[in-house]
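The values are calculated or read from the model by the stated rules, or taken from the named source; none is laboratory data. Just so it is clear, the model here is predicted, and its values are computed rather than measured. Backbone-built Cβ (ideal geometry, glycine too); neighbour counts: all protein chains shown.
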Amino acid sequence: MKDFLINLDRRFIFIFVAIGVILPALTTFPLPIKPTANVRAIYNTIEEVAAQNGTVLISFDYGPGSMPEIQPMTLSVLRHCFSKKVKVVGMCLWPQAVGLVQQALDTTSKEFDAQYGTDYVFLGYKTGMHSLVINMGRDFQGTYPQDLQGNNTADLAVTQRIFGLKDFDYVICLAAGNTPDGVWIPYGQERYKFKFGIGCTAVMAPDQFPYLQSGQMNGLMGGLAGAAEYEKLINTPGTATDGMRPQSVVHVIIILFILLGNTIYFLYDRKKGGAK
Amino acid sequence: MLFLRRTLPLLIAFIVGTLGILIYYIPHTAAQDLEQELARWDRIIAAFAMLLGIYSLMSLHLNRVKRQQGGWGYSFLVFLGFGLMILFSLYNDGLGPFKPQVADSGPFVWMFDNVQVPADATMFSILAFFIASAAYRTFRARTPEAAILLVSAIIVMLGRVPIGVLISDWIPWFSQWLMAVPNLAAKRGILLGVSLGAIATSLRIIFGIERSYLGGGE
């Protein structure tokens, strides 16, 4: 038994994790989701933008790998904007995001009868990352003369009065990489001082706290939990809310395994230096 | 030849690097226009760099096939996937390559939705299993520092999911405090160190002290 626990086959752990994901995903039990101040800040800013009949720029910088975490944020933020008649301009710094965002726009625009060109515009992907943001800063329509469908941005109701990044009432970056702190803050927010909020994967969230404290970003949605909090705020439970059940159970399983590993380590394995 | 291989790239790096720094601090319209122009050039170069990346990837896999290295059969899949997606992209759901890309229908979108999305998501989700296994084997309170890290990790793991609220309202609060105070302090310190390092490396490149980007083992 001692040797079995010290050198526990990883497949046993895999089985526990699989059960921890599958069973809670197939069942329903209520869990309390309390929106944090950082998530609420994004929600409140969109409410303010709605009161001004303003425009939001959303940079979608993620791919299929991070889709389970970020796509619920995309859907929730778009639903919030469309329900409050906030105009949306979407763009991508990651090419893989285009297909995912198109799906999200198709779904949410139908739900709220949002019209392309008058309520939202999708610009698609362009290369350049930081250079693209520098160009957008002073010459939005020159950087994006056309949208993804080939319409002139100068003719579209949403973008015809947008000449630079300062003209957006809020910029949101939904990201799975370093675009918020590596591109948008140094080359966009810091120079043009627009309001900036982000949604990112859970693993990225700790890196963003210095920018929150400095005021360079005003809100943060971190991982699936952040997405679930936003779903709670707009009162539309989705995949993130459902995902909280398996995630909660798997977190508990991992904690139990950590505790078990440490118990074995202190009881039997300490002198030998740990399991191999 | 030495001029083209070494002196000219060093000269370009010096001029463009110095200009890039100077125009950031000059609020004059001419400087800002120049910055816009340089950024446009950079975007064009970035687009061509993609072609270079594709060439590099293809030649790597071609060599694997030629030398029949381990797993060389998978390299065929790279060519197959790349070739198919290029063809579907040019086909553009029947509109051809000179019309704006269709993003909601057609074989390109079908391949993306039914191959890339599930494959990529599956790869990423496997992490949950490996994290659990690695945590069991390696996350040990061997030292007081490791014990503090372990306790903090458990609090954050509980605080980030609703089950933490069920246990106690203090867990999410303490988790948030850990992120917003000790984590922030450490991250900011790391960030400052990395930024200073980046500035030093940039200056070394601009002034031609760091030349490894030229290649040739120098």
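Filter region A:138-152 for residues that are of a type outside the set (Ser, Thr, Tyr), more than 7 Å from chain B (Cβ to nearest Cβ) and assigned to a helix (DSSP H, G or I); which is farthest from B:Gln32 (Cα to Cα)?
Taking region A:138-152 first, the residues of a type outside the set (Ser, Thr, Tyr) are A:138-142, A:145-152.
Pick out the ones that are also more than 7 Å from chain B (Cβ to nearest Cβ) and you get A:140-142, A:145-147, A:151-152.
Those left that are additionally assigned to a helix (DSSP H, G or I): A:140-142.
Working: A:Phe140: 15, A:Gln141: 17, A:Gly142: 15 Å.
Here the residue is A:Gln141.
For B:Val161, the criteria (1) at pLDDT 90 or above; (2) under 30 Å from B:Leu84 (Cβ atoms) hold in every case but one, which is (2).
Candidates A:Asp169, A:Asp207, A:Asp139, A:Asp155: the one that is of a type in the set (D, E, K, R) and under 25 Å from A:Ser83 (Cβ atoms) is A:Asp169.
Taking region B:7-24 as the region of interest, how many residues are over 18 Å from B:Thr201 (Cα atoms) and in contact with a Lys or Arg (Cβ under 8 Å, 6 or more places away or on another chain)?
Summing the residues that are over 18 Å from B:Thr201 (Cα atoms) and in contact with a Lys or Arg (Cβ under 8 Å, 6 or more places away or on another chain) in region B:7-24 gives 0.
None of A:Gly243, A:Gly223, A:Gly215 is in contact with a strand residue (DSSP E or B) (Cβ under 9 Å, 6 or more places away or on another chain) and small (Gly, Ala, Ser) except A:Gly223. Identification of helices (runs of 4 or more DSSP H) wholly contained in region B:1-111 with 2 or more residues that are more than 14 Å from chain A (Cβ to nearest Cβ) yields B:8-25, B:29-67, B:72-91. Cβ-Cβ contacts under 9 Å between residues 6 or more apart (or on different chains), taken from a first residue in region A:25-37 that is surrounded by 13 or more Cβ atoms within 10 Å (Cβ to Cβ) to a second residue that is in a loop (DSSP other than H, G, I, E, B) and of a type in the set (A, V, I, L, M, F, W, C), are listed as A:Leu31/B:Val161. Of all positions in region A:16-33, at least one carries a residue that is assigned to a helix (DSSP H, G or I), over 14 Å from the mean Cα position of the chain (by Cα) and over 20 Å from A:Ala240 (Cα atoms). Checked against (1) away from chain B (no Cβ under 13 Å); (2) charged (D, E, K, R); (3) without any contact (Cβ under 8 Å) to a residue 40 or more places away in the chain, A:Asp167 passes all but a single condition, namely (3). Counting the residues of region A:148-168 that are at pLDDT below 95 and either aliphatic (A, V, I, L, M) or surrounded by 21 or more Cβ atoms within 10 Å (Cβ to Cβ) (or both) gives 1. Each residue in region A:83-97 was checked for being buried (at least 22 other Cβ atoms within 10 Å of the Cβ) and part of a helix (DSSP H, G or I), and 1 pass. Taking A:Leu220 as the residue in question, decide whether it is surrounded by 21 or more Cβ atoms within 10 Å (Cβ to Cβ), under 20 Å from A:Cys92 (Cα atoms), within 11 Å of chain B (Cβ to nearest Cβ) and of a type in the set (A, V, I, L, M, F, W, C). Against the criterion (surrounded by 21 or more Cβ atoms within 10 Å (Cβ to Cβ), under 20 Å from A:Cys92 (Cα atoms), within 11 Å of chain B (Cβ to nearest Cβ) and of a type in the set (A, V, I, L, M, F, W, C)), A:Leu220 qualifies. When A:Pro145 is evaluated against the numbered criteria (1) surrounded by 15 or more Cβ atoms within 10 Å (Cβ to Cβ); (2) under 22 Å from A:Trp94 (Cβ atoms); (3) modelled with pLDDT of 95 or more, which criterion, by number, is the only one it fails? Just one mismatch for A:Pro145, condition (1).
For region A:124-142, how many residues are farther than 14 Å from B:Ala47 by Cβ and of a type in the set (Val, Ile, Thr)? Counting residues in region A:124-142 that are farther than 14 Å from B:Ala47 by Cβ and of a type in the set (Val, Ile, Thr) gives 2. Restricting region B:93-108 to residues that are touching a residue at least 12 places away in the same chain (Cβ under 8 Å) and under 21 Å from A:Pro64 (Cα atoms) leaves a set whose member that is surrounded by the fewest Cβ atoms within 10 Å (Cβ to Cβ) is B:Ser105. Scanning region A:250-267 for residues that are more than 8 Å from chain B (Cβ to nearest Cβ) and touching a residue at least 24 places away in the same chain (Cβ under 8 Å) yields one hit, A:Ile264.
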